[in-house]
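The values are calculated or read from the model by the stated rules, or taken from the named source; none is laboratory data. The structure displayed is predicted, hence computed values, not measured ones. Neighbour counts run over all protein chains shown; Cβ positions are idealised from the backbone, glycine included.
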Amino acid sequence: MTIRGRYKRDDNFTAVYANNRIYTIARKWLATYKKVRERGTQLMYENIIEKHLIVLESVKLTDIRRTHFQLVINNSLEKPRTCQQIKVTFKQIVKSAISDRLLPVTALDEVCKNIDIPRYSPSEKRGLTATEKAAIQTADFNEKERAFVLIAYGCGLRRGEILALTIFDISLERSELTVNKSLAFEGNNPYIKCTKSVNGERIVPMPPFLKDYLSEYLKRLDGTNLFSTKSGGLTTASSYRKMWDSILRKMNTAAGGSDSIRKITGLTAHVFRHNYCANLCYQMPKISIKKIARLLGDTEKMVLEVYNHVLEERENVQEVVSEAIAL
């Protein structure tokens, strides 16, 4: 059984590609249409194709059915996030095949509609705890570790944005920090890429404590990168993990913990970003959602979706209703 209304064309391009296997088409789709995407995104697609769509290696593109799609999902039911990625990838491949006239326009509904996937619930966003905030101030960080932590806390940058900073991105005169790039890893190797989105390019004000610290930190740098390996190169994945593990260990010790007693758990660099945004949300209406989104390098929609609980906490419904509906 094949998809209804399949194209019957004589041109060689369609004839060759339409008879290819879905797995082969998926690999061609990745190599052709996703070449400009960030390397991390490409690796995600590659992982889905090579580890999950491989089960469809013998299925022709024009023989693809809804059961095939559901089969791939069913093979990973214990991994909701992976199922979500499979669904996104599979639908994009089918849409691309339709655009290339390898499948009829009806294929999207016939193959992709009403596919059941397990519910994916992303981990709850949280800010810093009181214990973690206290540990930041007393932990025995080295200079580089403290610079990383204070930038994360004071400016809410993403990990890659912090690691990509150079001396040219810091303006002590204006107390500003410019974000225009990010550092990412392919395996252990670092590379510089664009910010996550167009909104990612921005200028962020530095709080006084950060300006004071960086004014001394910059004087002692050997090169132009704020964070680098001992040889002066970009921070590698392994050197970053070593630094972050050291930060966690020193914060845990400052909080009264030890190697066997964990006082600080679940702390990631991204928690500092959530803490920054949540604290700004608590300052509304002194600062607008639009400005908060701009400082984060994100969209207003994202701020509303992720931090709506903070905004709701600030609402005094009784007071607002009483003032609005007063006689």
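Just a few scattered comments:
- Restricting Gln92, Gln137, Gln70 to residues that are surrounded by fewer than 19 Cβ atoms within 10 Å (Cβ to Cβ), in contact with an Asp or Glu (Cβ under 9 Å, 6 or more places away or on another chain) and of a type outside the set (D, E, K, R) narrows the list to Gln70.
- Residue count for the stretch 271-292, restricted to those that are farther than 27 Å from Tyr240 by Cβ and either of a type in the set (A, V, I, L, M, F, W, C) or in contact (Cβ under 8 Å) with a residue 24 or more places away in the chain (or both): 6
- The criterion of at least 3 residues that are closer than 14 Å to Thr24 by Cβ and out of contact with any strand residue (DSSP E or B) (no Cβ under 7 Å at 6 or more places or on another chain) is met, among helices (runs of 4 or more DSSP H) falling completely within the stretch 41-116, by 80-99.
- Filtered by the rule that a residue be over 21 Å from Ala139 (Cα atoms) and small (Gly, Ala, Ser), the stretch 242-291 gives Ala278, Ser288.
- Residue under evaluation Lys250, criteria (1) surrounded by 17 or more Cβ atoms within 10 Å (Cβ to Cβ); (2) closer than 22 Å to Ala134 by Cα; (3) in contact with a Leu (Cβ under 8 Å, 6 or more places away or on another chain), criterion not met: (3)
- The stretch 217-270: number of residues that are part of a loop (DSSP other than H, G, I, E, B), touching a residue at least 24 places away in the same chain (Cβ under 8 Å), within 20 Å of the chain's Cα centre (by Cα) and under 21 Å from Ala164 (Cα atoms): 2
- Among the residues examined, Ser121 qualifies as more than 20 Å from Arg66 (Cβ to Cβ) and of a type outside the set (Lys, Arg).
- Condition check for Leu267: among the aliphatic types (A, V, I, L, M), modelled with pLDDT of 95 or more and buried (at least 18 other Cβ atoms within 10 Å of the Cβ): no
- Residue in the stretch 303-323 that is of a type in the set (S, T, N, Q), more than 29 Å from Lys242 (Cα to Cα) and at pLDDT 80 or above present: no
- Residue count for the stretch 264-305 satisfying the condition of being closer than 24 Å to Ala135 by Cβ and touching a Leu at 6+ places or on another chain (Cβ under 8 Å): 10.
- Qualifying residue in the stretch 271-292 (condition: assigned to a helix (DSSP H, G or I), within 21 Å of Ala184 (Cβ to Cβ) and in contact with a helix residue (DSSP H, G or I) (Cβ under 6 Å, 6 or more places away or on another chain)): yes
- Leu150 being in the same structural domain as Trp244 (by TED's automatic domain parsing) and outside any helix (DSSP H, G or I): no
- Residue among Gln92, Gln85, Gln70, Gln137 that alone is polar (S, T, N, Q) and not assigned by TED's automatic domain parsing to the domain that holds Ala26: Gln137
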